[in-house]
Amino acid sequence: MNTPTVSSARPSPFPLTPGATALIVIDMQRDFLLPGGFGESLGNDVALLQQVVGPLTDLLAAARAAGILVVHTREGHEPDLSDCPPAKLARGNPSQRIGDPGAFGRILIRGEYGHDIVDELAPIDGEVVIDKPGKGAFYATSLQDVLVAEGITQLLVTGVTTEVCVHTTVREANDRGYECLVVSDCVGSYFPDFQKIGLEMISAQGGIFGWVADTSAVIPALA
Ligand code: C5J
């Protein structure tokens, strides 16, 4: 049997190791994506993140059909903010801090409506949901243990935002020995320049910390 390969991945074809690949969906939360939410209140155009939902819905369906492990993450904090470093809490516009009341409940607080994942991408039974207090998905979470237990060595990485939580996660995953393919139309940034350069940074220098391809190349390789 031929190894399924994402042939047009940059900087080189990405051979998928059967049974060893997980789809990581980073922080597709209402607080970041919905009009009226935290992301928009910071002056961002949430339409730039919402355009990820369609392609990611298709990729999620393909991953589910292929029986691939799916891991969703959510950035957020305990209601008493005990897991939020003061330096993180203090940053940004003081009228809109983490824990403040927002349009969809307290901003980035676990259990609040805005903290949860958008309806289109809601996790289903059997999928892993990792709550993370930081930008990276490994810091202060069980992600490494989950991936090791499942024999995962390759990650298809998606979600928001490209230059923050996606980059932080991919850089650390690369250091931990995972081969990461970032799916370009399934990651999003509020800043078009960051989106473009953020993707270029990943695959530059011969794939300094990963590969990049879009869903038109990745989905057929999962079939
Ligand atoms: C940010 C994230 N941008 N999920 N979070 O604060 O990228």
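The values are calculated or read from the model by the stated rules, or taken from the named source; none is laboratory data. Quick caveat, the model's predicted, so the values are computed rather than measured. Backbone-built Cβ (ideal geometry, glycine too); neighbour counts: all protein chains shown.
Values computed for the structure shown
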| quantity | calculated |
| --- | --- |
| Residues of the stretch 171-194 that turn out to be of a type outside the set (Ser, Thr, Tyr) and within 12 Å of the ligand (Cβ to nearest atom), as a count | 4 |
| Test for Gly43: is it more than 16 Å from the ligand (Cβ to nearest atom) and among the small types (Gly, Ala, Ser) | no |
| Within the stretch 195-209, considering residues that are crowded, with 16+ Cβ neighbours inside 10 Å and touching a residue at least 60 places away in the same chain (Cβ under 8 Å), the one nearest to the ligand (Cβ to nearest atom) | Gln195 |
| Scan of the stretch 156-165 for residues that are within 16 Å of the ligand (Cβ to nearest atom) and under 17 Å from Thr21 (Cα atoms), ordered by number | Val157, Thr158, Gly159 |
| Residue that is nearest to Thr57 (Cα to Cα), among those in the stretch 134-154 that are surrounded by 16 or more Cβ atoms within 10 Å (Cβ to Cβ) and within 16 Å of the ligand (Cβ to nearest atom) | Ala137 |
| The stretch 12-31 residues that are assigned to a loop (DSSP other than H, G, I, E, B) and small (Gly, Ala, Ser), paired with ones that are modelled with pLDDT of 95 or more and more than 16 Å from the ligand (Cβ to nearest atom) (beta carbon under 8 Å, 6 or more apart) | Ser12/Gly206; Ser12/Gly207; Ser12/Trp211; Gly19/Gly151; Ala20/Gly151; Ala20/Ile152; Ala20/Thr153; Ala20/Gln154 |
| Evaluation of Glu40 against (1) touching a residue at least 24 places away in the same chain (Cβ under 8 Å); (2) surrounded by 17 or more Cβ atoms within 10 Å (Cβ to Cβ) (one fails), failing number | (1) |
| Elements of type strands (runs of 3 or more DSSP E) in the stretch 147-220, at least 3 residues being of a type outside the set (Val, Ile, Thr) and either under 10 Å from the mean Cα position of the chain (by Cα) or within 28 Å of Asn44 (Cα to Cα) (or both) | 179-188 |
| Residue match in the stretch 120-133 (condition: more than 15 Å from the ligand (Cβ to nearest atom), outside any loop (DSSP other than H, G, I, E, B) and either touching a strand residue (DSSP E or B) at 6+ places or on another chain (Cβ under 6 Å) or among the aromatic types (Phe, Trp, Tyr) (or both)) | yes |
